[in-house]
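What follows is a short report on a single structure.
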Amino acid sequence: MLNLLNIAQVVLYIAMLALLGQGLLFVLAGARRDSNFFYKLLQVISKPFTLPTRKLTPKLVSDEHVPFVTFFLLVVVSFVVFVERGYLMCEQLGYTDCRG
C-alpha cells in the first residue's frame, strides 16, 4: 500500500509541476504561448487532470480558470496522500498512537 501511495504522490507532483510550468509560460510567453512547443507539451501532460476538472466544474467557470482549479485540487489530494503515507510509515515503525 505504501508503494501505491508513493506512486500516486509522484504522479501528482508531476501534474502539479506541469501546471506550474504552464502558468509560468502563460506569464512569460503571453499571447504567443499557443505556438510554444513546451507549453503544448505541458498541456498534454496535465490534460488527464484538467479534463475531469472541466467536467466537474460548472459552466460558469471559464476554460482559462480550469488549470488553476485543477492545481488547487491536486494540492489538496497531494496533502491527503502525504498524510496517509505518514500514517502508514508510522504504523510500520510500530508506534501505537499514530492518529493522535
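No lab work stands behind these numbers, since they all come straight from the coordinates. These figures come from a predicted structure and were not determined experimentally. Here the Cβ is made from the backbone with ideal geometry for all residues, glycine too, and neighbour counts use every protein chain on show.
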### Task
Provide a single number: the residues in region 46-91 that are under 20 Å from residue 34 (Cβ atoms), among the small types (Gly, Ala, Ser) and loosely packed, with under 14 Cβ neighbours inside 10 Å.
1
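Only one residue in 64, 91 is touching a Cys at 6+ places or on another chain (Cβ under 7 Å), among the acidic types (Asp, Glu) and without any contact (Cβ under 8 Å) to a residue 24 or more places away in the chain. Which one?
Numbers: 64 fails: touching a Cys at 6+ places or on another chain (Cβ under 7 Å).
From the options 64, 91, the qualifying one is 91.
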### Task
Only residues in region 10-39 that are under 17 Å from residue 72 (Cβ atoms) and touching a residue at least 40 places away in the same chain (Cβ under 8 Å) count as the first member; pair them with residues that are surrounded by 16 or more Cβ atoms within 10 Å (Cβ to Cβ) and not hydroxyl-bearing (Ser, Thr, Tyr), Cβ under 6 angstrom, at least 6 apart or cross-chain, and list the lot.
12/74; 15/49; 15/74; 16/74; 19/67; 19/71; 22/42
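Looking at region 49-58, is at least one residue out of contact with any Lys or Arg (no Cβ under 8 Å at 6 or more places or on another chain) and farther than 18 Å from residue 77 by Cβ? First the steps, then the outcome.
Taking region 49-58 and keeping what is out of contact with any Lys or Arg (no Cβ under 8 Å at 6 or more places or on another chain), we get 49-58.
With farther than 18 Å from residue 77 by Cβ added as a condition, the list becomes 58.
Yes, that holds for at least one residue.
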